[in-house]
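K.L.:
Encoded as C-alpha cells, here's the structure I'll be asking about.
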C-alpha cells in the first residue's frame, strides 16, 4: 500500500512543472505539498483545467475529510467565508497583478473573488455553475467559469487545498513557498505563482478584442 501511495505522489509531481502546458486543451495538476513545501500525507488533490466553449471547466478529484463539516448554505450558490471550511482553490493572475480566485467546496458551495492587486478585492460572490458529489472518502466536482471572470491575458496560476480544524488545520499548495521562509500561510503571495499556457485554454482571454464587463470598470 505504501508503494502504491508513493507512486501516486510521484505521478502527481510529474503532473506539475514550472510551466503548465495546456496540451490537448487540458492542463492537469496535482497538489502534493503543504503551503511551505512539506509533502502531504494523503493522496493528492487533483485538478484539471479544461477548455470549454465560452470559458473554462475546472474539474476536481480530492480526498474528502469532512473536517470542517458542511458550512451550510445552498449547494450551487456562493458562500462568503468559504475559505474557513474544507475547500479547493484556484488562482489566475496576469502581469498587472489582477487575479481571479475560485473556491470550491465538496458540499457544493462556491466563492468567486476578483482582485485588482494583493488582497485588493473589488467583486465577490459571482454566480458560478458548479456541482459536486461525495463518495466514501473522495469528492469530485466540476465548475464552469465564464471567460469574462478572468482578467485580461492571464499568465500565471496557483492552486490550494485546505482542510482540518484547530491545530489540525492543513494548508496545501501546488506551488508552495520555500521551507522556512514564512511562519504562516498566505495564498496571496503572488510572487510564487508560476506560468500557465492560458491562451490555449481560453483563447479569447488573449484576443485583442477581449472584453469583460467584470473587469472593464475597476474601482480605484
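K.L.:
Are any of the residues in the range 126-135 over 22 Å from residue 28 (Cβ atoms), touching a strand residue (DSSP E or B) at 6+ places or on another chain (Cβ under 8 Å) and in contact (Cβ under 8 Å) with a residue 60 or more places away in the chain? So that I can check it myself, show each step before the final result.
P.N.:
Going through the range 126-135, the residues over 22 Å from residue 28 (Cβ atoms) turn out to be 126-127.
Of the ones still in play, those that are also touching a strand residue (DSSP E or B) at 6+ places or on another chain (Cβ under 8 Å) are 126-127.
Now drop any that are not in contact (Cβ under 8 Å) with a residue 60 or more places away in the chain, which leaves 126.
Yes, that holds for at least one residue.
K.L.:
Run down 150, 144 and say which single residue is at pLDDT 95 or above, surrounded by fewer than 17 Cβ atoms within 10 Å (Cβ to Cβ) and either out of contact with any strand residue (DSSP E or B) (no Cβ under 6 Å at 6 or more places or on another chain) or closer than 20 Å to residue 210 by Cβ (or both). So that I can check it myself, show each step before the final result.
P.N.:
On the way: 150 fails: surrounded by fewer than 17 Cβ atoms within 10 Å (Cβ to Cβ).
Of the residues listed, the single one that is at pLDDT 95 or above, surrounded by fewer than 17 Cβ atoms within 10 Å (Cβ to Cβ) and either out of contact with any strand residue (DSSP E or B) (no Cβ under 6 Å at 6 or more places or on another chain) or closer than 20 Å to residue 210 by Cβ (or both) is 144.
K.L.:
Have a look at 135, 123, 116, 156 and point out the one that is closer than 20 Å to residue 191 by Cβ and surrounded by fewer than 18 Cβ atoms within 10 Å (Cβ to Cβ). Give the steps one after another, and end with the answer.
P.N.:
On the way: 135 fails: closer than 20 Å to residue 191 by Cβ; 123 fails: closer than 20 Å to residue 191 by Cβ; 156 fails: surrounded by fewer than 18 Cβ atoms within 10 Å (Cβ to Cβ).
Matching residue, one of 135, 123, 116, 156: 116.
K.L.:
Also, quick follow-up: Restricting the search to the range 51-98, which residues are assigned to a loop (DSSP other than H, G, I, E, B), in contact with a helix residue (DSSP H, G or I) (Cβ under 7 Å, 6 or more places away or on another chain) and within 23 Å of residue 134 (Cα to Cα)?
P.N.:
If the condition is that a residue be assigned to a loop (DSSP other than H, G, I, E, B), in contact with a helix residue (DSSP H, G or I) (Cβ under 7 Å, 6 or more places away or on another chain) and within 23 Å of residue 134 (Cα to Cα), then 71 is the only one that fits.
K.L.:
Further question on the same structure: From the list 174, 201, pick out the single residue that is under 21 Å from residue 61 (Cα atoms) and touching a helix residue (DSSP H, G or I) at 6+ places or on another chain (Cβ under 7 Å). Walk me through it before giving the result.
P.N.:
Working: 174 fails: touching a helix residue (DSSP H, G or I) at 6+ places or on another chain (Cβ under 7 Å).
Unique residue meeting the criteria: 201.
K.L.:
Moving on to the next point. Of the residues that make up the range 196-218, is at least one at pLDDT below 95 and in contact with a strand residue (DSSP E or B) (Cβ under 9 Å, 6 or more places away or on another chain)?
P.N.:
yes
K.L.:
Can you go through 175, 118, 160, 171 and tell me which one is part of a loop (DSSP other than H, G, I, E, B) and under 20 Å from residue 29 (Cα atoms)? Outline the logic, then answer.
P.N.:
Values: 118 fails: under 20 Å from residue 29 (Cα atoms); 160 fails: part of a loop (DSSP other than H, G, I, E, B); 171 fails: part of a loop (DSSP other than H, G, I, E, B).
None of the other options fit; the residue is 175.
K.L.:
Looking only at the range 40-63, filter to residues that are over 16 Å from the mean Cα position of the chain (by Cα) and under 15 Å from residue 163 (Cα atoms); which one of those is surrounded by the fewest Cβ atoms within 10 Å (Cβ to Cβ)?
P.N.:
So in the range 40-63, the residues over 16 Å from the mean Cα position of the chain (by Cα) come out as 40-43, 52-54.
Applying the additional criterion that residues be under 15 Å from residue 163 (Cα atoms) yields 40-43.
Values: 40: 19, 41: 9, 42: 14, 43: 18.
Only one residue tops the list, namely 41.
K.L.:
Search the range 36-50 for residues that are within 17 Å of residue 180 (Cα to Cα) and pair each with any residue that is modelled with pLDDT of 95 or more and buried (at least 16 other Cβ atoms within 10 Å of the Cβ) when their beta-carbon atoms are under 6 Å apart and the residues are at least 6 apart or on different chains.
P.N.:
Taking only residues 6 or more apart or on different chains, the pairs are 36/176; 36/177; 37/176; 40/32; 40/172.
K.L.:
Hey, can you tell me all the residues within the range 159-179 that are surrounded by fewer than 21 Cβ atoms within 10 Å (Cβ to Cβ) and over 11 Å from residue 35 (Cα atoms)?
P.N.:
164, 165, 166, 167, 168, 169
K.L.:
Can you find a residue in the range 147-162 that is over 14 Å from the mean Cα position of the chain (by Cα) and without any contact (Cβ under 8 Å) to a residue 12 or more places away in the chain?
P.N.:
No: zero hits.
K.L.:
Considering only the range 29-39, state which residues are surrounded by fewer than 17 Cβ atoms within 10 Å (Cβ to Cβ) and either part of a strand (DSSP E or B) or touching a strand residue (DSSP E or B) at 6+ places or on another chain (Cβ under 9 Å) (or both).
P.N.:
Going residue by residue through the range 29-39, those that are surrounded by fewer than 17 Cβ atoms within 10 Å (Cβ to Cβ) are 37-39.
Scanning the range 29-39 gives 37, 39.
The values are calculated or read from the model by the stated rules, or taken from the named source; none is laboratory data. These figures come from a predicted structure and were not determined experimentally. Cβ sites come from the backbone with ideal geometry, for glycine too, and all protein chains shown count toward neighbours.
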